[in-house]
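Take a look at the structure set out below.
The values are calculated or read from the model by the stated rules, or taken from the named source; none is laboratory data. From a predicted model like this one, the values you see are computed outputs, not experimental measurements. Please note: Cβ atoms are built from the backbone with ideal geometry, for glycine as well, and neighbour counts cover all protein chains shown.
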């Protein structure tokens, strides 16, 4: 025995499936693709000159990878590098006082 469904029934079933799966598909923590910058993209992101990026790569001061001859940067790695490199403010007790 084979059942035939009307197009309206199929649409209703598809709508119900999407309603059920929607929270799972859009939940927080969903893995998203990481942005990959080229040299110009990283310069724009960090708001620095492109020459600074080339020098930072040459000195291995920023995380990068090579895609053939092209230098590329993963946004997540750059963000982690920035967090790790943040200079914390000095406490008031450690600030040297001026001579009087």
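For this structure, a couple of remarks:
- Residues being within 15 Å of the chain's Cα centre (by Cα) and assigned to a strand (DSSP E or B) - total across region 48-91: 3
- Selection status of residue 38, exposed (fewer than 13 other Cβ atoms within 10 Å of the Cβ) and modelled with pLDDT of 80 or more: no
- Failed item, numbered, when residue 65 is tested on (1) modelled with pLDDT of 95 or more; (2) surrounded by 13 or more Cβ atoms within 10 Å (Cβ to Cβ); (3) touching a strand residue (DSSP E or B) at 6+ places or on another chain (Cβ under 6 Å): (2)
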